[in-house]
Amino acid sequence: MTLKIARSATLALVAASTIVLGACSATPKPDQPELASSSASLTPEAYDARLSGVPYPFPVKAYRFQAQQQTLEMAYMDIQPEHPNGHAVLLMHGKNFSGNSWERTANDLLNEGYRVIIPDQIGFGKSSKPEHYQFSFAALATNTRDLLDEIGADTVTVVGHSMGGMLASRFTLMFPERAEKLILVNPIGLEDWQQVVPYLTIDQWYANELKKTPEGVRNYMRESYYDGNWAPEYEELAKLQMNWTQSPDKQRLAWVSALTYDMIFTQPVIHDFPRIEVPTLLIIGIRDRTALGKNLVSSEVRATLGRYEKLGKNAQSLIPNAQLVELQGIGHIPQVEDYGTYIDAMTHFLAD
């Protein structure tokens, strides 16, 4: 089933320990604006490798575990609703985001009775940033499965945005018994860039990351995510990456970012889409043009990459029992540009 929806339309449809890292208020606020935990007054010093000065909207704990001969901490928020409906939703962030980007979504899901679990993956957000770690979607999925074991969450609906869509897909493929449903929100990896984009070494990715500036981050997001437009709510969501370019831990952050770029480029998940067994919803803003390495190819090839008006339909055809909601005039982040339609699509699919 494919639905095309305009911007204003409405859709009817292992030893481990847990420690508290810090918290803001955990009380759901249904009328809260997107990203209410504003970072407007924070300086780049707050954006160190663990975001130690950046507030999150709910209490943050850390799942501590051993992996690859080191102790790592996976930050996460686990919020219980006032009136539980017996189901849980796992929210997976994208590469340029962290768990706190899900604040508004989490509040609405809590109001519907869902337990909401929001991890920062290793290498992202408030979690550990190991310099020596073999990043893979399989490893991150396994870490997440182990976190669910630790906190007693047997089954979840898995929601992934951007890079989180690649991870959510891998998690569902590896642990189908733990996934009730799968929701992909403008996931990247709907095409295998290795077929047309030249490979960059990790050292080359690292050099590129070191060159980034706040204005460069803003320009990239403006072009790729928002079709040349900009608004205050876009600025708020961009602050993480903008401030990390000036962070006291910039070199470590740039290196970990390079490692994860290599993971994204070399580990496509689209070829495994036919093996996904659970009911799946694709929420696709078809104006999105996000594609890894499109600056490395000719203008003719570049024009063929990131065509989400085609990629969404192709993904739906590959995934058994998949539904597709296409958002006209919307780019990479539907949960900012058209929140009402996005959350309606999600909650109707969850309740179906």
The FRET efficiency for ARG252 and ILE151, from their Cβ-Cβ distance with R0 = 41 Å and rounded to 0.05, is 0.90
Share of Cα-Cα pairs in the chain beyond 28 Å, whole percent, is 38 percent
About its Cα centre, the chain carries a charge dipole, from +1 on Lys and Arg Cβ atoms and -1 on Asp and Glu Cβ atoms, whose size in debye to the nearest 20 is 580 debye
Highest mean packing first, using Cβ neighbours within 10 angstrom, the peptides 206-215, 235-244 sort as 235-244, 206-215
Label model pair ASN219, GLU82: point-to-point distance (7 angstrom along the Cα→beta-carbon line) in nm is 4.8 nm
The rounded separation in angstrom of the Cα centers of region 125-168 and region 212-239 is 26 Å
For 138-146, 331-339, ranked highest to lowest by mean beta-carbon neighbours within 10 Å, the order is 331-339, 138-146
Rounded to one decimal in nm, the spacing of the 7 Å Cα→Cβ label points at ASP352 and GLU177 is 2.7 nm
Asserting the computed 222 nm helical MRE of the chain (DSSP H runs at least 4 long, -39500 (n - 2.57) per run, divided by residue count, to nearest 500) equals -10000 deg cm²/dmol
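Each reported figure results from applying straightforward, stated rules to the coordinates on display, with no laboratory input. As the structure is a prediction and not an experimental result, all values here were calculated from the model. Because the Cβ atoms are built from the backbone with ideal geometry, glycine has one as well, and the counts that use them run over all protein chains shown.
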